[in-house]
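The values are calculated or read from the model by the stated rules, or taken from the named source; none is laboratory data. Computed from a prediction, not measured in an experiment: that's the story for all the values here. Cβ coordinates were reconstructed from backbone atoms using ideal geometry, including for glycine residues, and neighbour counts include every protein chain displayed. Heavy atoms of the whole protein, side chains included, go into the accessibility calculation; ligands, DNA and RNA do not. Shrake-Rupley method; radii C 1.70, N 1.55, O 1.52, S 1.80 Å.
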Amino acid sequence: PAIASDASSEIPSLFATTGTVGVVDLGASQTVIGSEQVPELLSQLPDWVRAKTRRCPCSLTFRFGNHQTLCSRHALVLPLGSKSFRIAVVEGKTPFLISNAFLKGLKAVIDTDKETLYSRLLSRYFSLQKSSKNLFLMDINQLWEDEKAEAMNMTQDEFFQEHHLPLE
């Protein structure tokens, strides 16, 4: 076996996620993030999204593939048009994991060849990236790109009506 002359080049990154970029994890039943990752996530959200983000009680137990169990006591609730979605917060450095429930809510269709996610709910494509471990990553800031562009001219409800999106 070959030995690298620069040992630092072999050190894997400790996290697959940073800020608003999460791992698309079809094995995760709920979207989750570690408490130590939250400040970076919040700092990278658009100002208007961060201003509408709130915290709510959330009591969930997560069992991870490494047999570790962590409990959440609260969640972040982020706006998405007239709807919202929840990110459970657990203690520690758990990476930001985007769940199958979130993807179902978006009515997501993933194209692994083109590395895209299409949301039938939002009628939009989102780009995916691959991590060094070959995991799909998504920057959730893409969720608000159209809304940001349209926000100057119409309310969110007007935007959803114009784009024929369901309102709840």
Tally, over the range 79-99, of residues that are touching a strand residue (DSSP E or B) at 6+ places or on another chain (Cβ under 9 Å), more than 18 Å from residue 55 (Cβ to Cβ) and surrounded by 19 or more Cβ atoms within 10 Å (Cβ to Cβ): 4
Residue tally, condition within 13 Å of the chain's Cα centre (by Cα) and polar (S, T, N, Q), over the range 95-128: 3
Residue match in the range 56-77 (condition: crowded, with 18+ Cβ neighbours inside 10 Å and either touching a helix residue (DSSP H, G or I) at 6+ places or on another chain (Cβ under 8 Å) or among the acidic types (Asp, Glu) (or both)): yes
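Among what's in the range 31-42 and is out of contact with any helix residue (DSSP H, G or I) (no Cβ under 8 Å at 6 or more places or on another chain) and not in a strand (DSSP E or B), pick the residue that is surrounded by the fewest Cβ atoms within 10 Å (Cβ to Cβ).
Per the stated criteria, the residue is 39.
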Filter pass, residue 84 being of a type in the set (Ser, Thr, Tyr) and in contact with a Lys or Arg (Cβ under 9 Å, 6 or more places away or on another chain): yes
In the range 100-130, the residues that are touching a residue at least 12 places away in the same chain (Cβ under 8 Å), under 24 Å from residue 38 (Cα atoms) and open to solvent by 20 Å² or more (accessible area, probe 1.4 Å): 100, 101, 102, 105, 127, 129, 130
Inter-residue pairs, beta-carbon under 8 Å, first on the phi > 0 side of the Ramachandran plot and touching a residue at least 12 places away in the same chain (Cβ under 8 Å) and in the range 45-62, second outside any helix (DSSP H, G or I) and open to solvent by 70 Å² or more (accessible area, probe 1.4 Å), 6+ apart: none
Number of the exception - residue 157 against (1) part of a helix (DSSP H, G or I); (2) of a type in the set (Asp, Glu); (3) at pLDDT 95 or above: (3)
